[in-house]
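Undergrad: Can you read through this structure? Questions will come right after.
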Amino acid sequence: MIEISNIALPLGTLDGTPEAEKRLVRSQVLKRCHLKGTDLAAFELRRRSIDARKKTDVHLTFTVRISLAGGYEQERAVMRHLARHHQDRNCRLVDEAPHRFPTRAPSPLEERPVVVGAGCAGLFCALSLAEAGLEPLLIERGDTADRRTRKVEHFYQTGELDPESNIQFGLGGAGTFSDGKLQTGTKSPAHRLTLETFVAAGAPERILWDAKPHVGSDILPAVVTNILRRIEEAGGSALFRTRLTDIEFAQDGSVQGIQVVRTDGEGAHEEHISCRHLILACGHSARDVFELLQRHDVALERKTFAMGVRIEHLQADIDRAQYGASAGHPALGAAPYKLVSHLASGRSAFSFCMCPGGYVVSAASEQGGVCTNGMSLSDRAGTNANAGLLANVFPDDLPGDDPLAGIALQRSCEQKAFELGGGAFRAPAQLVGDFLAHESSSGPASVMPTYPRGVAWGTIEPCLPAYITDTLRAAIPQMGKRLKGFDTADAVLTGVETRSSSPVRVTREKDGESVSNPGLWPCGEGAGYAGGIMSAAADGVLCAEHLIREIRG
């Protein structure tokens with residue numbers, strides 16, 4: 001197989017359709033390699049990205065892989081031809097074995113492995129275990145995707161929060177309602193497998209080659225439902241509205257079983273589930289689970305996390321800043337950005353979970369606390385762009401030595417935001433110009449906030465520690481130098497964003513098992529080992545592979 005990279009297409013040749021792009025790229029490949037169409041046995045797009053480094057020459061670049069009808073010898077001949085003509089710099093022979101789910105075998109277990117949490121880590125862990133024939137039981141405190149969607153919409157309309165089924169809890173986890181961005185800074189052989197699994201479950205095929213792939217919060221509920229269906233078809237099963245309330249440990253600390261509370265049409269009732277292998281993929285907002293682990297002396301540690309606000313701009317302004325005169329071309333779509341500012345103080349601020357053409361959402365999971373996040377639909381056609389604007393909280397910033405001190409800080413900030421919003425889950429909001437000038441805001445200017453429960457204009461200052469607001473205030477002008485208009489006075493800050501990552505790590509061995517409790521397998525973002533959909537899914541696959549190796553010896 002030959003991989004060919006740096007294939008450039010100018011915007012003037014494109015009409016914005018994937019079919020036209022693929023046709024033009026294929027034509028360039030045939031020309032570059034001196035091939036006929038009949039020579040191709042396979043043609044696969046591997047990467048599509050936008051090169052906007054020069055605003056006067058915005059274009060698309062592609063990487064493809066081809067297999068030739070003449071097999072390896074013909075591919076080597078093509079490479080020799082390219083080398084003779086000094087055209088092989090962006091071409092290489094590749095022979096990579098694809099990462100696959102574990103092979104199926106009869107289960108040697110008397111008791112099924114239990115996976116707690118149906119976010120991406122839990123789903124992909126359960127899918128790996130099911131494909132291996134281990135018939136996992138997946139438990140989730142929230143609802144199925146369709147019921148969960150209705151609960152979120154009801155909350156937006158009425159302010160009546162279901163603490164068990166919301167943007168944080170339910171099938172698909174927090175990622176289901178935050179755009180489904182699938183880019184990641186981590187490397188894992190399971191990433192391609194994750195993307196292929198999403199596509200097989202109904203995600204658009206373009207995520208296999210987009211440099212910054214996303215699914216969209218309008219499509220994700222159906223995708224995660226189909227992944228669950230695949231788990232069940234492979235022998236796994238799932239219980240919803242089922243909350244973990246206790247873990248039973250033997251004297252040597254090993255897992256013996258769990259206690260859960262199930263809620264159905266007849267009310268809530270307790271159940272005991274025997275298990276010797278418990279995968280904990282509960283997500284970063286399952287604060288009661290971390291408190292449960294602490295009571296049982298499970299090894300926990302603090303970790304760095306981040307807090308801040310959501311910042312909103314007009315998407316048209318971001319498009320012009322990123323693409324210049326090419327803004328609005330159908331092949332480009334809504335422009336994303338990624339910013340970081342390193343300050344002389346030693347602290348940094350950065351954008352997070354940027355949502356082009358998106359909306360700020362209410363991500364609360366506790367009564368009396370406001371928490372924001374962002375999402376986009378698949379078309380990214382919203383008027384505003386939004387992103388988390390965050391600064392790190394380091395372990396040394398927290399008082400004492402309690403490993404759950406970060407959770408206490410998050411909760412305190414969310415409660416202050418609730419108070420400043422005036423109740424009913426309204427959020428405090430402030431214009432960037434007023435924030436930089438240490439002044440209170442009285443209303444919007446050109447950017448209308450999209451937070452669904454409404455905002456209370458004023459100041460965000462009391463919601464966050466001074467080292468966070470000082471860092472953001474110093475960083476915004478610097479970011480404005482890198483992205484024109486980022487520091488515009490009309491941009492809106494909505495508080496607070498506190499759940500970008502877990503402030504706790506459930507300490508584990510290199511093989512994924514808890515350092516203190518045999519049979520307990522911390523997994524995913526909540527356990528402190530991932531930072532988004534892709535890394536969480538990859539950690540779920542990795543955790544399952546470790547567990548399968550242990551079970552099979």
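Undergrad: Kindly indicate whether any position in the stretch 131-144 is within 24 Å of residue 355 (Cβ to Cβ), among the hydrophobic types (A, V, I, L, M, F, W, C) and in contact (Cβ under 8 Å) with a residue 24 or more places away in the chain.
TA: Taking every residue of the stretch 131-144 in turn, none turns out to be within 24 Å of residue 355 (Cβ to Cβ), among the hydrophobic types (A, V, I, L, M, F, W, C) and in contact (Cβ under 8 Å) with a residue 24 or more places away in the chain.
Undergrad: Another question about this same structure. For the stretch 474-497, which residues satisfy the criterion of being of a type in the set (Val, Ile, Thr) and either over 18 Å from residue 307 (Cα atoms) or in contact with a Gly (Cβ under 9 Å, 6 or more places away or on another chain) (or both)?
TA: 488, 496 - these are the residues of the stretch 474-497 that are of a type in the set (Val, Ile, Thr) and either over 18 Å from residue 307 (Cα atoms) or in contact with a Gly (Cβ under 9 Å, 6 or more places away or on another chain) (or both).
Undergrad: Further question: Do any strands (runs of 3 or more DSSP E) entirely within the stretch 1-79 hold 3 or more residues that are of a type outside the set (Val, Ile, Thr), in contact (Cβ under 8 Å) with a residue 12 or more places away in the chain and out of contact with any helix residue (DSSP H, G or I) (no Cβ under 9 Å at 6 or more places or on another chain), and if so, which?
TA: Hits in the stretch 1-79: 2-10, 40-51.
To keep it simple, each residue is scored yes or no on (1) under 12 Å from the mean Cα position of the chain (by Cα); (2) surrounded by fewer than 23 Cβ atoms within 10 Å (Cβ to Cβ); (3) modelled with pLDDT of 85 or more.
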| position | (1), (2), (3) |
| --- | --- |
| 160 | no, yes, yes |
| 166 | no, no, yes |
| 172 | yes, no, yes |
| 179 | yes, no, no |
| 185 | yes, yes, no |
| 197 | no, yes, yes |
| 200 | no, yes, yes |
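Undergrad: Give the residues of the stretch 130-155 that are closer than 25 Å to residue 502 by Cα and either under 18 Å from the mean Cα position of the chain (by Cα) or assigned to a helix (DSSP H, G or I) (or both), sorted by residue number.
TA: Residues satisfying the conditions are 145, 148, 149, 151, 152, 155.
For (1) buried (at least 16 other Cβ atoms within 10 Å of the Cβ); (2) part of a helix (DSSP H, G or I); (3) out of contact with any helix residue (DSSP H, G or I) (no Cβ under 9 Å at 6 or more places or on another chain); (4) free of Cβ contacts under 8 Å to residues at least 40 places away in the same chain, each residue gets a yes or a no:
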| site | (1), (2), (3), (4) |
| --- | --- |
| 438 | no, no, no, yes |
| 453 | yes, no, no, no |
| 472 | yes, yes, no, no |
| 478 | yes, yes, yes, no |
| 487 | yes, no, no, no |
| 500 | yes, no, yes, no |
| 529 | yes, no, no, yes |
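Undergrad: For the stretch 232-325, which fully contained strands (runs of 3 or more DSSP E) count at least 1 residues that are open to solvent by less than 40 Å² (accessible area, probe 1.4 Å) and hydroxyl-bearing (Ser, Thr, Tyr)?
TA: 237-239, 242-249
Undergrad: Got a sec? Which of 234, 211, 222 is among the small types (Gly, Ala, Ser) and closer than 16 Å to residue 148 by Cβ?
TA: Criteria check complete, one pass: 222.
Undergrad: Picking from 95, 88, which residue would you name as being out of contact with any Phe, Trp or Tyr (no Cβ under 7 Å at 6 or more places or on another chain), surrounded by 13 or more Cβ atoms within 10 Å (Cβ to Cβ) and not in a strand (DSSP E or B)?
TA: When all the criteria are applied, what remains is 88.
Undergrad: Then there's this: Could you check how many residues of the stretch 374-387 are crowded, with 24+ Cβ neighbours inside 10 Å and either more than 16 Å from residue 218 (Cα to Cα) or over 17 Å from the mean Cα position of the chain (by Cα) (or both)?
TA: 4
The values are calculated or read from the model by the stated rules, or taken from the named source; none is laboratory data. Worth saying up front: this structure is predicted, and the values here are computed from it rather than measured. Quick reminder, even Gly has a Cβ in these numbers, built from the backbone with ideal geometry, and neighbours come from all protein chains shown. We work out accessible area using only protein heavy atoms, side chains counted, and drop any ligands, DNA or RNA first. Shrake-Rupley method; radii C 1.70, N 1.55, O 1.52, S 1.80 Å.
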